[in-house]
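Worksheet for the structure shown next.
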Amino acid sequence: KTPLQALVGLNDEAFFEAARGLAQRVLSESGEDVKARLTYAFRLCTSRAPKPAELERLTNYYRQQLGDFKADAKAAERVIQPQLKPSETASAAELAAWTMVANVLLNLDETVTKE
């Protein structure tokens, strides 16, 4: 996968819609722990468990995104609307952060090429 293909994938509406679906699935099918959720999402995309360094990077990315979306509620709404709705278990900021993580996972070369 070339850098241009990765850029297109990260910004493609179809990929982003899939990321929303993956985020919703992760939140509904996995535990409450962030690392357990990340491991579950990573396994769904790559068919393997993440390495410790990968899990650490994803955890940091999730926390950064969550902080950004907590600080900018309108941005969170733009990411999740109209498909996802906040609930008692997940705020708009959490849904948006998980959507961004899912978008990254779905655009990994390992996910796209399946060699």
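The values are calculated or read from the model by the stated rules, or taken from the named source; none is laboratory data. Just so it is clear, the structure is predicted and the values come from calculations on it, not from any experiment. Just so you know, the surface numbers come from the protein's heavy atoms only, side chains and all, with ligands and any DNA or RNA stripped out. Shrake-Rupley method; radii C 1.70, N 1.55, O 1.52, S 1.80 Å.
Which whole-number value in Å² is the accessible area per residue of the range 26-115, probe 1.4 Å?
Values: 4980 Å² over 90 residues.
That works out to 55 Å² per residue.
Using every Cα-Cα pair within the range 18-115, state what percent have a distance larger than 20 Å.
Details: 1450 of 4753 pairs.
Counting every Cα pair in the range 18-115, those more than 20 Å apart make up 31 percent.
Taking 0.36 nm per residue of separation and subtracting the Cα-Cα distance, what length does fully extending Thr59 through Lys35 add?
Numbers: separation 24, 0.36 × 24 = 8.64 nm, distance 0.69 nm.
Result: 8.0 nm gained on full extension.
At full extension, Asp72 and Ala18 could sit 17.1 nm farther apart than now, given 0.36 nm per residue minus the alpha carbon distance. The phi-based Karplus calculation (6.51 cos²θ - 1.76 cosθ + 1.60; θ = phi - 60°) puts the 3J(HN,Hα) values of the range 50-56 at x, 6, x, 5, 5, 5, 5 Hz, whole numbers, x for Gly and Pro. The reciprocal of the average 1/r between distinct C-alpha atoms defines the Kirkwood hydrodynamic radius, which for the range 18-74 equals 12.0 Å.
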